[in-house]
1. Across region 302-349, which residue is nearest to Glu273 (Cα to Cα) among those that are charged (D, E, K, R) and in a helix (DSSP H, G or I)?
2. Which condition does Arg24 not pass, out of (1) free of Cβ contacts under 8 Å to residues at least 12 places away in the same chain; (2) in contact with an Asp or Glu (Cβ under 7 Å, 6 or more places away or on another chain), if it passes all the others?
3. Can you tell me which of Ala147, Ala130 is within 28 Å of the chain's Cα centre (by Cα) and either part of a helix (DSSP H, G or I) or within 19 Å of Ala50 (Cβ to Cβ) (or both)?
4. Can you find, within region 294-341, the residue that is surrounded by the most Cβ atoms within 10 Å (Cβ to Cβ) among those that are more than 25 Å from Tyr202 (Cβ to Cβ) and β-branched (Val, Ile, Thr)?
5. How many residues, within region 1-40, are closer than 28 Å to Leu108 by Cβ and small (Gly, Ala, Ser)?
6. Which residue out of Val166, Val247, Val200 is surrounded by fewer than 18 Cβ atoms within 10 Å (Cβ to Cβ) and either modelled with pLDDT of 85 or more or farther than 22 Å from Asn296 by Cβ (or both)?
7. Give the residue, chosen from Arg235, Arg220, that is closer than 25 Å to Asp323 by Cα and surrounded by fewer than 23 Cβ atoms within 10 Å (Cβ to Cβ).
8. Go over the candidates Ser95, Ser85 one by one and state the one that is of a type in the set (S, T, N, Q) and farther than 28 Å from Asp16 by Cβ.
Amino acid sequence: MKRSLQRFLRRRGASDTEIDNAERSRYLALLVLDREILPGARRYTMAELAQRGETDLDTARAVWRAIGFPDFPDDLPAFTDSDVSAMRSFIETFSHPMVIEWSLDVALSQARVVSSALARIADAVTDDIARSFRAAADAGMTDEDLAQRLAERVDFEAIQELVGHVFRVQLRAAVWRRLAGSDPEAPGTVRGAVGFVDLVGYTAIAEELDDEDLAKLLSRFGDLAHDTVVAGGGRIVKTIGDEVMFVTDTEAAAAAIAVKLTERSIGDDVLPETRAGIAAGHLVAREGDYFGPVVNLAARLTEFARPGTVLAPAELGAALEHDDRFVIRRVSSRRIRDIGRVEVCTIAGMLI
């Protein structure tokens, strides 16, 4: 092994035993990534992490579980100086809040939300890393050669700076949405519109496709939905397999997004047709998600929609009747589970 690679790993906290084992078992490249992502010697047990992080053992364990990881054995030195610093920062944050008192339960709840979102980002990035590893192996690159290249080229500090900046931009937008758009008479709610778009016949299609083609289909749907929603002034709330949930500030924006998505799916070479349901009113906003009767109505309408169509409550359609981008057609009322009978309409794009 080149001395430069040994020095790289030692500077980032890998022991000689870890380096020897990695070389023998041919996972040097993985060890390089491990120590580039989270450098530092693993020197503290959970009890020592709690002590140095200025909290008690139960709280330290609760924080560790909140960010998505199980308990380690009591005598295992698994934590670094960075873990200690992060624990201390967490305790400091909820002990000295910005405006009002925070409880540990509230802080842990936020930690779970942040961890869940970051885990999804990590999975997406890891998909690309795995493809790169396979491509390197196919090209005949040895584990040591790949490790050397990673040590020379990977710059996680730059990635971390980008993620941090994107979070600041998103947080600023979320603060303005929540504080400027909230209704004083309905605390915890915002006025807006919500939509669901799903792939028609997805279950049957998934059974016919192999894993690679299914992944390609879902990736295409996710990319198309994201670009369409963002371009239309909306925000993706979540993607659940074959369904996307989004929110907008206005009925017109939600209608435009839903119509465009359904239209684009019709002519797409990869995707089946989509269908959509939208509704508007007071949305209960909590931890990055939205709840309440309006959300339930939009979800139920999606189930009733025919392929390639958008369903909405009749009153939402009435609000768009003078918008020349849309064609509104009343259809027969629907009895919707847990809601009752609802007058509905279809919304389509104006043909030019």
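The values are calculated or read from the model by the stated rules, or taken from the named source; none is laboratory data. These numbers come from a predicted model, not from an experiment. Using ideal geometry, Cβ is built from the backbone for each residue, glycine included, and neighbour counts are taken over all protein chains shown.
1. Within region 302-349, the match that is nearest to Glu273 (Cα to Cα) is Glu303.
2. Here Arg24 clears every test but (2).
3. Checking each option against the conditions leaves just Ala130.
4. That would be Ile328.
5. First pass over region 1-40, keeping only residues closer than 28 Å to Leu108 by Cβ: 34, 37-40.
Then drop every residue that is not small (Gly, Ala, Ser), which leaves 40.
Residues flagged as closer than 28 Å to Leu108 by Cβ and small (Gly, Ala, Ser) within region 1-40 amount to 1.
6. Working: Val247 fails: surrounded by fewer than 18 Cβ atoms within 10 Å (Cβ to Cβ); Val200 fails: surrounded by fewer than 18 Cβ atoms within 10 Å (Cβ to Cβ).
Checking each option against the conditions leaves just Val166.
7. Values: Arg220 fails: closer than 25 Å to Asp323 by Cα.
After ruling out the rest, the residue left standing is Arg235.
8. On the way: Ser85 fails: farther than 28 Å from Asp16 by Cβ.
Answer to the selection: Ser95.
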